[in-house]
Amino acid sequence: AQKVTQAQTEISVVEKEDVTLDCVYETRDTTYYLFWYKQPPSGELVFLIRRNSFDEQNEISGRYSWNFQKSTSSFNFTITASQVVDSAVYFCALSLYGQNFVFGPGTRLSVLP
Amino acid sequence: ETGVTQSPTHLIKTRGQQVTLRCSSQSGHNTVSWYQQALGQGPQFIFQYYREEENGRGNFPPRFSGLQFPNYSSELNVNALELDDSALYLCASSGGLAGGISSYEQYFGPGTRLTVT
């Protein structure tokens, strides 16, 4: 069975600080896919990134970066120079071949002005 | 490109009643997944439909059922509603299981908030 853990329930930072959201996953499969989603107060989940288990290259997209380490089963998400608009709940998720997404419990990020 | 839409936005039902929630998938997507998100929790996978067939199911009882239509839109039906069914129900569409790795990305609708009293 697959499992996703996000140990940080809530994080508060002041605007322009960097913040890292942790994600640890469990699976016995060698091929799997990891995702991050953002859920703003409006409720709609917004897709941020997909990472394949066979591609450990880190990725940067603007102020967002992701660090995937198979050795520690972690897929962490860093926001650089956070902004108030980054305030949301962030979910990490694991999927096998696009089926049965397993989501973590989420981390609520509050960015204070 | 039209995104995922869901209806209704909000719904209030009484315990024991039945409810039908609807979802229109993003254009070009042939797979629809349904999730239940209780307050303060992550989404829980209910089931997935691919080409009108159920293609995976989470740990939900049979009173949760679904349909997918030829245009890939979908319905979620819940019978004999219980108080614990109160949640945000999310629909997600994706590009199909034979469409390459990028087709595994799921795009979510705004959800239907169901309240059972």
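Read the figures in this text as sums done on the coordinates, not as results from a lab. The structure presented is a predicted model; accordingly, all values stated were derived computationally and were not measured. Neighbour counts run over all protein chains shown; Cβ positions are idealised from the backbone, glycine included.
The mean of 1/r over all distinct Cα pairs in the range A:9-69, once inverted, gives the Kirkwood hydrodynamic radius of 13.7 Å.
Here the extension length gained between A:THR5 and A:GLN57 equals 16.6 nm, from 0.36 nm per residue of separation less the Cα-Cα distance. Per residue of A:43-52, other chain Cβ atoms within 10 Å of the residue Cβ number 5 on average. The fraction of Cα-Cα pairs per 5 angstrom bin, counted from 0 for the protein assembly as shown, comes to 1, 7, 14, 18, 19, 17, 12, 7, 3, 1, 0 percent, rounded to whole percents. Of all lysines in the structure, the ones whose alpha carbon falls short of 21 Å from that of A:LYS3, not counting any fewer than 8 places away in one chain, are A:LYS38, A:LYS70. Using only Cα positions of chain B, each an equal point scatterer, no hydration layer, compute I(q)/I(0) via Debye at q = 0.13, 0.19, 0.22 Å⁻¹ and quote the log10 values to two decimals. Result of the Debye calculation: -0.45, -0.94, -1.24.
When Cβ neighbours within 10 Å are restricted to other protein chains, what is their mean count per residue of peptide A:91-102? Show your work: numbers first, answer last.
Values: counts 3, 1, 4, 0, 6, 2, 5, 17, 10, 8, 13, 5.
Mean partner shielding for this stretch: 6.
Each label was represented as a point 7 Å from its Cα along the Cα-to-Cβ direction; for B:ASP84 and B:GLU52 these points are 3.5 nm apart. Contact order, relative form, for chain A: 39 percent (alpha carbon pairs under 8 Å, 6 or more residues apart, mean separation divided by residue count). Note on A:GLU15 and A:ASP29: the model spin-label points, each 7 Å out from Cα along the C-beta direction, lie 4.2 nm apart. Between A:TYR64 and B:HIS10, the FRET efficiency estimated from the beta carbon spacing at R0 = 45 angstrom works out to 0.90.
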